[in-house]
Amino acid sequence: MIFWYILAGVCGGIIGGMGMGGGTLLIPILTLFLGIDQRSAQAINLVAFIPMAIVVCIINAKRKNLDCKSILKVVIPALPTGILTAIAVGKINSKTLSVLFAVFLICLGSIMFVASMYKCTRAYICKCKEEYSYND
């Protein structure tokens, strides 16, 4: 059983290290495959996120990939919002939380799919315009 927990952590770490949010993979693995309730899975994800975020921030700081002004613009509204959301989540039952998280993932996936299709279509059209001129 511990193998599956380690595998879930590795998968979440890989996705989190790439900057995509390890929780989008870790939480479904914990809830669907390991039988952990939604609230506990989200708590585990948040605790696992702390050391992951520290390491990734250090690596990106060494590479000079951090824009401190942008960080503050995100962190300042994120802190109170995170606190308020954590309080609200404490009042929601685990089943409702699972449904809300599923809806969130579906919306996020749909947005990413549409954005990717738009970029691919646009790149294809631009490439075609370069290859074929109207004078041919």
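The values are calculated or read from the model by the stated rules, or taken from the named source; none is laboratory data. Worth saying up front: this structure is predicted, and the values here are computed from it rather than measured. Glycine gets a Cβ as well: all are built from the backbone with ideal geometry, and neighbour counts include every protein chain shown. Heads up: the accessible areas ignore ligands, DNA and RNA and are worked out on the full protein's heavy atoms, side chains in. Shrake-Rupley method; radii C 1.70, N 1.55, O 1.52, S 1.80 Å.
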key: Top positive-direction residue, dipole computed over the chain with Cβ charges, set A123, L66, M18   = L66
Reachable lysines from K62, criterion Cα separation under 23 angstrom, eight or more residues apart if same chain = K73
task = Working from Cα positions, state the angle (0 to 90°, nearest 10) between the long axis of helix 2-17 and the longest principal axis of the chain.
result = 40 degrees
Solvent-accessible area of T81 with every protein chain in place, 1.4 Å probe, in Å² to the nearest 10 = 80 Å²
query = What are the ³J(HN,Hα) values, in whole Hz, obtained from phi via the Karplus relation 6.51 cos²θ - 1.76 cosθ + 1.60 with θ = phi - 60°, for each residue of the stretch 103-120 in sequence order, with x given for Gly and Pro?
reply = 4, 4, 5, 5, 4, 4, x, 5, 4, 5, 5, 4, 4, 5, 5, 4, 5, 5
ask   = When the chain is treated as a GNM, springs tying every alpha-carbon pair under 10 Å, which of I111, I50, I125 comes out with the largest mean-square fluctuation?
value = I125
key: Distance (nanometres) between label positions extended 7 Å along Cα→Cβ at C107 and I125   = 2.8 nm
inquiry  = Please give the charge dipole size of the chain, origin at the Cα centre, charges +1 on K and R Cβ atoms and -1 on D and E Cβ atoms. Round to the nearest 20 debye.
reply    = 340 debye
task = Tabulate in residue order the Karplus-calculated ³J(HN,Hα) for the stretch 92-102, using 6.51 cos²θ - 1.76 cosθ + 1.60 with θ = phi - 60°, rounded to whole Hz; enter x for Gly and Pro.
result = 9, 6, 4, 5, 4, 4, 4, 5, 4, 5, 4
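In the stretch 2-97, which trypsin sites (Lys or Arg not before Pro) are in a loop and have at most 14 other Cβ atoms within 10 Å, using DSSP for the loop call? Intermediate results must be reported in sequence, preceding the final value.
Working: sites: R39, K62, R63, K64, K69, K73, K91, K95; in loops: R63, K64, K91.
In loop regions of the stretch 2-97 (DSSP not H, G, I, E or B), the sparsely surrounded trypsin sites (Lys or Arg not before Pro) are R63, K64, K91.
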query = What's the extension gain from A115 to F33 if we count 0.36 nm per residue and subtract their Cα-Cα distance?
reply = 26.5 nm
query = Relative contact order of the chain: what whole-number percent is it, with Cα pairs under 8 angstrom and at least 6 residues apart?
reply = 17 percent
query = Using the reciprocal of the averaged 1/r over all distinct C-alpha pairs, how large is the Kirkwood radius of the chain in Å?
reply = 17.9 Å
